[in-house]
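Below is one structure, written out as structure tokens, with a few remarks after it.
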Amino acid sequence: MIELNFTNMMDSALGEGGISDRQIEAIRGCIPAIHSKIKDRAVPGLSFIDLLSQDTGNIKEAASFIRDNSDDFLLLGIGGSALGPRAILDSLSPFHNLKKRPRVFICDNVDPMTLKNILSLIDIKRTAVNVITKSGSTAETASSFMVIWEELRKAFGSRASERVIATTDPEKGNLRMIANELGFKTLVIPAGVGGRYSVLSPVGLLTAEVIGIDSIEIIKGARDIHEKCSVNDIWDNPAYLFGTLLYLMDRNEKRNINVMVPYADGLKAFSEWFCQLWAESLGKDGKGITPYPSLGAVDQHSQLQLWMEGPQDKVVVFIRVLDYGADIKIPAVFGAVDGIGYLGNHMLSDLIKAEEESTELALVKNKRPNMTITIPLIDAYHMGQLFHFFNIATAFTGFMYDIDPFNQPGVEEGKNFTYGMMGKKGFEARRLEVEKEREKKACYRV
Ligand code: PA5
């Protein structure tokens, strides 16, 4: 089971600026209302919890077809539709494309260089395409899919549809409409489940199954951590404590930046997944805590100086790995060179673990709060736990801030200008606004 250790957040470790038991006790009063809300799925966004009882049979079936008939698997999606699958791929099948088939390509951005490269690498005739969009109207996903659909049509003619799996809303949206019309296989993102909470839906689980990971194990892990995160008492609920501690650090100490630093290359994409979840869910109504993705031990040589001696505005969240699933002994060479000889005969895992523990200690000694989530092993079961833990913690924290953690009204404005510029009907005025703005911007140029 994953575990949260928050010793280095408390006043007993930090002195002034640490959180006291009394402060946590004071929050207790808010918990029952939030707890009931979550337990009763009082808002549709909480239906991500119902994913824990889904039947993954249809996902397994689709994956088995893809594995049997494809050398390449191309996923098109952005935001929550891409970050979860990428976190699953990188954590559970590192260096996948160099070792296994089908290779997996996740195309989220609309950088033409990326799609051009992907097209030059894949064999379209042996490619299965998973287009993922909950709304069905996301411009980035739609345009990449339009490019790929044309390629499929050239390659397969009237049988192009057989190569597409559309993951989308059960009823609504453009992709649902096109899928019904053209007869794509479809997988459903349940109505209440928003993009960034969808990793444990077919959005993430299809990729898992395609790369040979048992989705049932992922869900089992999520279910087990859910039990631990379903207790009313804040002191026994790691997800509630995680949110409460960061909320208190923001409110009382003005620490409104959260660094997420896993000590495993396989969790780098996970850290990016977390950052989207945290940022898009909590950043509204002038509130929110800024997440920033990081990687240990690499960022000890890049960011640590800032965390140690920069502004007192951060909380560092470590992810410590107990078993890396692999290890290498450092040979006892260069024994006569004192500066590096001492490393000989140690395991690489000893070094990375020592670095993580030392960084925690160095930070706390310098009165910099941090907490640690320990994951026993990076496998399907524990990744399920990690994903669900943060889903619950994020929803809880949103309720603590009294904001809606499931919407994202702030992203609409920019989208509308893009629609105008790309000629979408009904957005003509937005285009004019952009053009006017361009004239204004002519002034301050060098
Ligand atoms: O979390 C969210 O809702 C967003 O990040 C979406 O995942 C992202 O905007 C893509 O949306 P869609 O799945 O509708 O294409």
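Annotations
- Region 1-52 - charge dipole about Cα centre, Lys and Arg +1 at Cβ, Asp and Glu -1, debye rounded to 20: 280
- Kyte-Doolittle at least 0.5, axis length at least 24 Å by Cα - qualifying DSSP helices, the chain: 380-400
- Assigned charges on the beta-carbon of Lys, Arg, Asp, Glu; the chain dipole about Cα centre (debye): 1320
- Inverse mean reciprocal Cα-Cα distance (Kirkwood Rh) of region 174-220, Å: 11.9
- Residue (of Ala429, Ser198, Gly414) at the positive-pole extreme of the chain, dipole from beta-carbon charges: Ala429
- Cα gyration tensor, region 80-144 - rounded (a/c under 1.5), prolate or oblate: oblate
- Nearby aspartates and glutamates by direct alpha-carbon distance to Lys172 (threshold 18 angstrom, same-chain neighbours under 8 apart not counted): Glu181
- Cα-centred dipole magnitude for region 130-284, charges only on beta-carbon of K, R (+1) and D, E (-1), debye, nearest 20: 360
- Dimensions (Å) - the chain, Cα atoms, principal axes, largest first: 67, 58, 55
- In order along region 190-201, the phi-based Karplus estimate (6.51 cos²θ - 1.76 cosθ + 1.60, θ = phi - 60°) of 3J(HN,Hα) comes to x, 3, x, 7, x, x, 6, 9, 9, 4, 8, 9 Hz; Gly and Pro are listed as x.
- Karplus-based coupling profile of region 314-324, in residue order and whole Hz: 10, 10, 9, 10, 8, 10, 9, 9, 7, 10, 7, with θ = phi - 60° in 6.51 cos²θ - 1.76 cosθ + 1.60 and x standing for Gly or Pro.
- The Stokes-Einstein estimate for region 153-269, based on a Kirkwood radius over Cα pairs and taken at 37 °C with 0.692 mPa s viscosity, is a diffusion coefficient of 182 µm²/s.
- Computed extension gain for Ala13 through Asp233, at 0.36 nm per residue and net of the alpha carbon distance, reaches 76.9 nm.
- Peptides ranked, highest mean first, by Cβ atoms within 10 Å: ranges 150-156, 243-249, 195-201: 195-201, 243-249, 150-156
- The share of Cα pairs per 10 Å bin across region 61-115, counted from zero up to the longest distance, runs 22, 52, 26, 1 percent.
- For region 277-413, the residue among Tyr342, Ser302, Tyr292 whose Cα projects farthest onto the positive side of the dipole built from Cβ charges is Tyr342.
- Among Ala297, Ala82, Ala26, the residue with the largest mean-square fluctuation in a Gaussian network model of the chain, with springs joining Cα atoms closer than 10 Å, is Ala26.
- Only beta bridges with both residues in region 219-359 are counted; by DSSP, about 10 percent of them are antiparallel.
- Here the translational diffusion coefficient of region 229-328 follows from Stokes-Einstein with Rh set to the Kirkwood radius across Cα pairs; for 4 °C and 1.567 mPa s it amounts to 87 µm²/s.
- Overall form of region 268-316 per C-alpha gyration tensor (a/c, 1.5; a/b vs b/c): oblate
- Diffusion coefficient (Stokes-Einstein, Kirkwood radius over C-alpha pairs, 37 °C, 0.692 mPa s) for region 333-410: 197 µm²/s, rounded to a whole number.
- Taking region 79-234 and dividing mean pair separation by its residue count, relative contact order in percent (alpha carbons under 8 Å, at least six apart): 28
- Close amide-amide hydrogen proximity is noted between Thr167 and Val131, Ile132, Thr133, Leu187, each under 5 Å apart and 5 or more residues distant or on a separate chain (H modeled in the peptide plane; Pro and chain starts excluded).
- Counting only residues at least eight positions apart within a chain, or on another chain, the aspartates and glutamates with an alpha carbon under 19 Å from that of Lys415 are Asp108, Asp111, Glu140, Glu280, Glu428, Glu433, Glu435, Glu437.
- Nonlocal amide H pairs with Ile19, under 5 Å, H built at 1.01 Å: Met10, Asp11
- Taking amide H as placed 1.01 Å from N in the peptide plane, the amide H of Val315 sits under 5 Å from that of Ile257, Asn258, Val259, each at least 5 places away or on another chain.
- Listed residue (Ile213, Leu175, Thr186) projecting farthest to the positive dipole end of region 87-223, Cβ model: Ile213
- Its relative contact order, with pairs defined as Cα atoms under 8 Å and 6+ residues apart, puts the chain at 21 percent.
- Label point 7 Å beyond Cα of Lys367 along Cβ direction - residues of region 20-39 with amide nitrogen under 17 Å: 20
- Subtracting the Cα-Cα distance of Glu439 and Lys329 from their residue separation scaled by 0.36 nm leaves 33.3 nm.
- The distance between label points at Asn58 and Lys287 comes to 3.6 nm (points 7 Å beyond Cα on the Cα→Cβ vector).
- The chain - mean residue ellipticity at 222 nm from DSSP helices (-39,500 (n - 2.57) per run, n ≥ 4, rounded to 500): -14500 deg cm²/dmol
- Length gained on full extension, Lys220 to Arg22, computed as 0.36 nm times the residue gap minus the Cα-Cα distance: 67.7 nm.
Rule-based calculations on the coordinates, nothing more; no lab input. Keep in mind that what you see is a predicted model, and the values were worked out from it rather than measured. All Cβ positions, even for glycine, are placed from backbone atoms using ideal geometry, and neighbour counts span all protein chains on display.
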